[in-house]
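For reference, the structure is listed below as structure tokens.
Please treat every number below as a calculation from the coordinates, not as lab data. No experiment lies behind these values; they were computed from the predicted model shown. Neighbour counts run over all protein chains shown; Cβ positions are idealised from the backbone, glycine included.
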Amino acid sequence: MKASKTTLTSLVAGGVALLFGTSLANASLVLTLDDLTTVGIDVIVVDNADGGIGTVTGKGVSNFADGSATFGVVNYNGVVGTWTVNISTGVSDPVIADSLDLNSVNVSGGVGSLQIMLTDTGYTSPTTGLLSEIGGTTNGTVTASQSFDPNNAEFGIGTTINQGPFVGGAFSDTQGASFPLALGPYSLTETVTINHTAAGQITSFDYSSSVPEPASLGMLGLGLVGLGFAARRRRKTS
Ligand SMILES: [Ca+2]
Ligand SMILES: [Ca+2]
């Protein structure tokens, strides 16, 4: 059953690739930016693609060129609906192994919500856990979630870690989740929603997903305690 489904998926994928005269766009790093007050996803960027190269499953047609020529890095600077996005960069394999990282600096031209998503498929390092770290500053509100999907689907939802909402000033949070041993391929997806209530509000953040090796997972709890202690020390000394 599973094999035939895979075969069917491959056939469909091959058909799509033939249709667009290119290799399948869906099997790579994808960044989407969406002003939630306007209909549809505003920006879809596929790693090292010039835009308009095909459909990203469930999202729409890739419509902007990747601002980074580096394979494993996607970048977009520009307008997203009523928002101005100064920098939005996603990083994955092969630049950083077994990790997904999203850096974003946004200045709103108005009020509303901006949703940023980053996904990549095909991770293969054995793991039994997911580690999520986010930090940044905001005048508004930031909500984040990330998913590990053992079915390796682009934007797939599996084990999910939710963080926030973070409100006003500097914020920082680290969380972990564990699950049965996964050998891959699997996918990782990050979603961040920024809400601004006045023109000129600024949000910037760095959001990291990683899959620790099984042997190091036992250290995860200890590491989180250590991080919490470090954060307390920083607050005390500042
Ligand atoms: Ca929109
Ligand atoms: Ca790139």
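A few remarks follow.
- Backbone N within segment 91-113 under 20 Å of label point (7 Å from A69 Cα along the Cβ vector): 91-92, 94-96
- Exposure proxy ranking, count of Cβ atoms within 10 Å, fewest first, for D93, D206, D120: D206, D93, D120
- By average C-beta atoms within 10 angstrom, highest first, the peptides 149-159, 177-187: 149-159, 177-187
- The H on the amide N of G110, modeled in the peptide plane, is under 5 Å from the matching H of G200, each at least 5 residues off or on a different chain.
- FRET efficiency, I96 to V167 (Cβ-Cβ, R0 25 Å, nearest 0.05): 0.30
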